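Working notes, beginning with the structure itself.
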């Protein structure tokens, strides 16, 4: 079993949290091909992303409290099994409706990995230490949105869109083996009361009444929404409007995602010196700058690299600073309810992202403005909330 504080455990947790970006980013170069292959519209294909986010949000409600009661490891194994079976269903889909449903089921499994990985971090660390560990996980995980679209572009060019789901099936098998043989059980104390819907509701009530939690959750949700304004339609914008082939789109997407890698690396180095609050401020300001740069780039009619990709890299660098620290802040007051806090954080984060992605997808026509507006509004709103919530986040918070 891996020991706490080792890079090997950090890498394993990053592998688990990487399921999210791999499941979404890898098949982005294939979206136009899925549209043609399954006889769907662009809006219907975009629903394969939104349905994934909705399933991710809904499934996360149960994983946290259940893992608080029965342990992290057995629940995680069940989640990975579901993810693998649903990936097979995606691979065998014969209609867009079947793919949408299979993606929702896939996300029900995948969300368990992300929720429980965050809970494992809170089991072992708190405060800025938790923020540093989440940033380290994010720095390793940040390779996923860089590598995934490149791999997806190669798979799409060589084998077509179904090859993406073959890789995800293999991913699930590797994760199952790693969790079975390497992950220790980190839950130190089970709740005194037995698991029930009433107990779960009480646990969520305790978490949801914390203004400190709500402030950090809001920062996380707004930041994540900007990402999915980009993810949900960037394939259509860059391939259909700017004429990029799948392989070049994958490279462009990877360049943008490289910003997230830089942001998480900076946060991992600086958060213990600056503290969560200041690190969140730097990240929020960086996101806002990226959003403004994207608006200006599109308005001035610049090349797609300077109008869209590089400003998105700046936004994602800010997000790499915001997401780990906001998660650490949200979970810090709840050592006995880390699973429930992680679940509620994921529910709101994923739901907000799904709504944002669906709106941008519905508004997208022959212009990139809906996508650009979504990114800019998310960046600006994150900065405004960081400023407005400084008083709440500065107050001492007792553990519950």
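Remark on region 288-400: Rg and Dmax equal 16.8, 52 Å (Cα only). Of 307, 341, 288, the residue with the greatest mean-square motion in the GNM of the chain, using alpha carbon springs below 10 Å, is 307.
Kirkwood hydrodynamic radius of region 228-374, from the reciprocal of the average inverse Cα-Cα distance over all distinct pairs: 16.3 Å.
The overall shape of region 304-354, judged from the alpha-carbon gyration tensor, is oblate: a/c is not under 1.5, and a/b is no greater than b/c.
Where is the GNM fluctuation largest for the chain (alpha-carbon springs, 10 angstrom cutoff): 330, 293, 229? Comparing 330, 293, 229 in a Gaussian network model of the chain, the most mobile one is 293.
Determine the equivalent ellipsoid of region 90-140 by diagonalising the alpha-carbon gyration tensor, then write out the semi-axes as square roots of 5 times the eigenvalues, largest first, rounded to whole Å. Intermediate results must be reported in sequence, preceding the final value.
Values: eigenvalues 233, 22, 8 Å².
For region 90-140, the ellipsoid semi-axes come out as 34, 10, 6 Å.
Helical runs assigned H by DSSP (4 residues or longer) give the chain a calculated mean residue ellipticity at 222 nm of -27000 deg cm²/dmol, each run adding -39500 (n - 2.57) before division by the residue total. Taking other C-beta atoms within 10 Å as the exposure proxy, 36, 366 rank 366, 36 from fewest upward.
Altogether, the Stokes-Einstein calculation at 10 °C and 1.306 mPa s, with the Kirkwood radius of region 194-274 over Cα pairs as Rh, returns a diffusion coefficient of 97 µm²/s.
Based on alpha carbons, the Rg and Dmax found for the chain are 19.7, 61 Å.
What FRET efficiency would be calculated for the residue pair residue 95, residue 174, taking the C-beta separation as r and a Förster radius of 30 Å, to the nearest 0.05?
FRET efficiency, residue 95 to residue 174: 0.55.
With neighbour counts taken as other beta-carbon atoms within 10 Å, the residues 321, 98, 371, 200 rank, fewest first, as 98, 200, 371, 321. As a rough footprinting exposure proxy, the listed residues 264, 352, 272, 186 were ranked by other beta carbons within 10 Å of their own, and the order from fewest upward is 272, 186, 352, 264. Multiplying each eigenvalue of the alpha-carbon gyration tensor of region 9-133 by 5 and taking the square root yields semi-axes of 30, 15, 11 Å, largest first, rounded to whole angstroms.
Every number here is computed from the coordinates shown, using simple stated rules; none is lab data. None of these values were measured; they are calculated from a predicted model. When we count neighbours, we look across all protein chains shown, and the Cβ atoms used for this are built from the backbone with ideal geometry, even at glycine.
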